[in-house]
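The values are calculated or read from the model by the stated rules, or taken from the named source; none is laboratory data. Quick caveat, the model's predicted, so the values are computed rather than measured. So basically every Cβ, Gly included, is an ideal-geometry build from the backbone, and we count neighbours across all protein chains shown. Accessible surface areas use protein heavy atoms only, side chains included; no ligands, DNA or RNA. Shrake-Rupley method; radii C 1.70, N 1.55, O 1.52, S 1.80 Å.
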Amino acid sequence: MTILVTGAEGRLGSTLAAVLGAGHRVAPRGRGALDITRPAEVAAALRSAAPDVIVNCAAYNDVDGAEDDPLAAFEVNAFAVRTLARAAREAGATLVHYGTDFVFDGRSAAPYTEEDAPNPQSVYAMSKLVGEWFARDAKAYVLRVASLFGGGRPGVRASSLDRMADAILAGREVQAFADRTVSPSYVPDVAAATAALLAAAPPPGIYHCVGSGRGTWLEVATELARRLDRDARIVPVAAADRPQRARRPTFSALANARLARAGIEMPHWTDALGRYAAERATG
């Protein structure tokens with residue numbers, strides 16, 4: 001199987017290219033080689049690679065910046081996905097695209113399932129939701145991920161959890177939200193689940209792909225310090241005390257119900273933190 005990976009220089013894209021390359025012919029394309037906002041470049045890339053699968057890891061992830069530049073967010077997260085979906089459909093290829101937990105409003109008391117109705121609260125979240133809709137113009141798997149961490153290669157932009165780990169290892173104070181609940185996604189686990197999904201070929205659609213379970217950012221930071229075997233100064237803070245340009249859901253834990261029905265089990269986020277801590281120790 002030939003797989004075209006867009007956004008292949010980023011955290012998720014580079015990891016996926018390596019994981020999928022173990023069993024398939026992979027054509028990785030970073031932004032310098034393929035700007036997915038340009039339909040002519042997308043068409044040329046498909047002619048060159050002739051992929052059976054397109055895995056789209058390119059995204060506009062500046063959540064606050066999207067409030068001031070919505071066009072930039074929609075160009076990458078929505079309109080470019082429409083271009084990829086149409087190209088995939090014409091080529092008879094499967095599209096894999098990644099969504100976000102931010103499409104939900106955070107008012108739930110239980111982890112969101114794939115059947116729950118989205119209600120985005122920011123420009124970024126809306127651009128990602130529209131991208132989900134456009135992706136389904138093709139035979140597509142849309143995997144919603146959350147708070148990605150780990151994986152990637154040197155020089156990749158640090159995630160929130162990476163910055164926490166940096167501070168813990170440096171002996172600096174860590175401030176963590178005590179009132180925001182998440183299910184963080186470990187990049188190697190997302191890559192493994194993507195490979196398993198392509199192998200199993202269940203019905204296309206939306207799949208949640210996060211670490212099983214849930215925790216507040218305070219609980220995540222505390223567990224991370226334990227896994228790193230460090231005494232850390234972790235200070236609980238409230239979201240209201242740290243205003244941000246774009247609204248984030250207070251509760252955005254996801255349930256991996258559809259992946260489980262497909263026979264793909266996501267490890268618990270605490271297990272992923274243990275492996276991530278080992279990765280940091282050897283890195």
Scope the stretch 239-257; condition of a type outside the set (S, T, N, Q) and either touching a helix residue (DSSP H, G or I) at 6+ places or on another chain (Cβ under 8 Å) or closer than 17 Å to Val210 by Cα (or both); matching residues:
Arg245, Ala246, Arg248, Pro249, Phe251, Ala253, Leu254, Ala255, Ala257
Kindly indicate the residue of the stretch 8-18 that is under 12 Å from the mean Cα position of the chain (by Cα) and among the small types (Gly, Ala, Ser) and also most open to solvent (accessible area, probe 1.4 Å) among those meeting that condition.
Gly10
For the stretch 74-119, give me the residue count where each residue is surrounded by 17 or more Cβ atoms within 10 Å (Cβ to Cβ), within 20 Å of Ala193 (Cα to Cα) and not acidic (Asp, Glu).
10
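Hey, any hits in the stretch 159-178 for a residue that's under 24 Å from Leu95 (Cα atoms) and outside any loop (DSSP other than H, G, I, E, B)?
no
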